[in-house]
1. Six or more apart or on different chains, Cβ under 9 Å: which pairs go from a residue in the stretch 116-140 that's without any contact (Cβ under 8 Å) to a residue 12 or more places away in the chain to one that's of a type in the set (Gly, Ala, Ser) and assigned to a helix (DSSP H, G or I)? Could you list them?
2. Test residue 69 against the stated conditions and say whether it is in contact with a Phe, Trp or Tyr (Cβ under 8 Å, 6 or more places away or on another chain) and either closer than 18 Å to residue 229 by Cβ or not in a helix (DSSP H, G or I) (or both).
3. Output the residues belonging to the stretch 192-212 that are crowded, with 19+ Cβ neighbours inside 10 Å and either within 30 Å of residue 90 (Cβ to Cβ) or touching a Phe, Trp or Tyr at 6+ places or on another chain (Cβ under 8 Å) (or both).
4. Among the numbered criteria (1) under 19 Å from residue 100 (Cα atoms); (2) in contact with a helix residue (DSSP H, G or I) (Cβ under 7 Å, 6 or more places away or on another chain); (3) surrounded by fewer than 24 Cβ atoms within 10 Å (Cβ to Cβ), which one does residue 173 miss?
5. Kindly establish whether residue 120 is among the aliphatic types (A, V, I, L, M) and at pLDDT below 95.
6. Do the conditions hold for residue 301, that is, is it surrounded by 20 or more Cβ atoms within 10 Å (Cβ to Cβ), β-branched (Val, Ile, Thr) and either out of contact with any Ser or Thr (no Cβ under 7 Å at 6 or more places or on another chain) or more than 29 Å from residue 127 (Cβ to Cβ) (or both)?
7. Of the residues that make up the stretch 213-226, is at least one among the β-branched types (Val, Ile, Thr) and without any contact (Cβ under 8 Å) to a residue 24 or more places away in the chain?
Amino acid sequence: MRKHWGLLGVFVTVCVVAAIFGSNFLTAYNLMNLTQRTALFSILALGVGMVIVTGGIDLSIGSVVCLAGIATPWLLVEHGWSPVEVVPTVLLGSALIGLAHGLLITRLRLQPFLVTLCGLLLYRGIARWMTSDQSQGFQGGFDGLRAIALERFALPGFGDFRIPATVIPLAVLGTLSALFLTRTVWGRWLVATGSNEAAARYSGVPTTWLVTGAYVACSLLAGFGGMLFIFDIGSGQPSDFGNFYELYAIAAVVLGGCSLRGGTASVGGIVLGTATLQVLRNAIILLGLGSQLEFAVIGAVLLVGVAADELLRRAHRRRQESRQSA
């Protein structure tokens, strides 16, 4: 909780600085875009959080976003599939990717870093091959389907500001994730697996299936997020659509207080970490510092988050040792 208060302070500080020195920060258009991007990236980060809780990592998220996002208009426009066929197919394919990751990691005992790094290359390559590396879009159609991401809801007393429709799936997924992690035995087992997998396994916890399920959830949310992203922007190039999205998601999870070593989780922290990153990115652009600095900020956030996690663990270990010696 203390870490979240610190993160909230950073978020508020960046917002104040951006509002003072960035003339367009408080415009309704900019705030709607910030809310939209926060919702979209939070959905990806929730999936990553499930994997990181187990002590794993998923580097393939951006490529899964690419494959799912590009496949959606490709199937709708190029092959004439109906939305009723496309949406379940894309989501099922995304879930199967996570299942493959989970089985390779739990059954063959391959390193998550290696498995998902290969996936990062593989899925983008498939997307580029099946589309002949051509940009894919909706060609002005399927407005009803795209409304899932494009719809805006007016709020009384908020002027031109409207809530993006993507906040709804984020709220649902965030609530379900929080209830799963804190109110179900499966969620507690998942956290226990990340804290000490061997101890959890000897205690009768089905660690193999829990870890596999975490990777399925991660890829499923990445695929769902990929569809929302393509609904939002309308078209995408397979060579760069979803590039570095895994870094945004991982950085948000770390910034939100989840340890890369596993065993800790906070849905509220993940969403707040995502919002902080998006505000930082927006502030960099509005203050005229150059969009190239964006990746430097993400790298710095990851480094600070990992360093802070290690320092907190050492402090906690010292307190435990001093209590035991006393």
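The values are calculated or read from the model by the stated rules, or taken from the named source; none is laboratory data. Remember, predicted model here, so these are calculated numbers, not experimental data. Cβ atoms come from the backbone with ideal geometry, glycine included; neighbour counts cover every protein chain shown.
1. 125/63
2. The answer is yes for residue 69.
3. Answer for the stretch 192-212, where residues must be crowded, with 19+ Cβ neighbours inside 10 Å and either within 30 Å of residue 90 (Cβ to Cβ) or touching a Phe, Trp or Tyr at 6+ places or on another chain (Cβ under 8 Å) (or both): 193, 194, 200, 205, 207, 210, 211, 212.
4. With respect to (1) under 19 Å from residue 100 (Cα atoms); (2) in contact with a helix residue (DSSP H, G or I) (Cβ under 7 Å, 6 or more places away or on another chain); (3) surrounded by fewer than 24 Cβ atoms within 10 Å (Cβ to Cβ), residue 173 is out only on (1).
5. Criteria not met by residue 120.
6. yes
7. no
Residue-wise test of (1) in a helix (DSSP H, G or I); (2) at pLDDT 95 or above; (3) within 28 Å of residue 141 (Cα to Cα).
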position	(1), (2), (3)
159	no, no, no
177	yes, yes, no
181	yes, no, no
231	yes, yes, yes
248	yes, no, no
259	no, no, no
